[in-house]
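Undergrad: I am attaching a structure below and will ask some questions about it afterwards.
The values are calculated or read from the model by the stated rules, or taken from the named source; none is laboratory data. Here the structure is a predicted model, which means the values were calculated and not measured. All Cβ positions, even for glycine, are placed from backbone atoms using ideal geometry, and neighbour counts span all protein chains on display.
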Amino acid sequence: MTVPVDSAAPFGHDPKGRPYSDKSKIVAGLLQIFLGTLGIGRFYVGSVGVGVAQLLTCGGVGVWALIDGILFLTSSDRTDKQGRVLRG
């Protein structure tokens, strides 16, 4: 017996029924911690506007980028541009 694959959610769903993204929260968090002054973590998840703001402010002089990176790593509700939950 085969289980049908939901093409809209190829990575499955979280416990709340939301589809998982193809993006990883670990990758996003590490990019944000190490390259957040350039907004790279935000560009990775598709938040171009926030990425540009971080680029122009050097990641809020590093503070905004560091806090954002930690939140990416610890939060279970961060989403990508399509509103899908980042995979752990």
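Undergrad: Check every one of the helices (runs of 4 or more DSSP H) wholly within the chain and list those with 1 or more residues that are without any contact (Cβ under 8 Å) to a residue 60 or more places away in the chain, on the phi > 0 side of the Ramachandran plot and out of contact with any Phe, Trp or Tyr (no Cβ under 7 Å at 6 or more places or on another chain). Steps first, please.
TA: Numbers: elements: 25-35, 40-45, 48-56, 58-61, 63-74.
The qualifying helices (runs of 4 or more DSSP H) are 58-61.
Undergrad: Can you go through V52, V45, V27 and tell me which one is more than 10 Å from the chain's Cα centre (by Cα), at pLDDT 95 or above and either over 25 Å from P10 (Cβ atoms) or of a type outside the set (D, E) (or both)? Walk me through it before giving the result.
TA: Numbers: V45 fails: more than 10 Å from the chain's Cα centre (by Cα); V27 fails: more than 10 Å from the chain's Cα centre (by Cα).
Exactly one residue qualifies, and that residue is V52.
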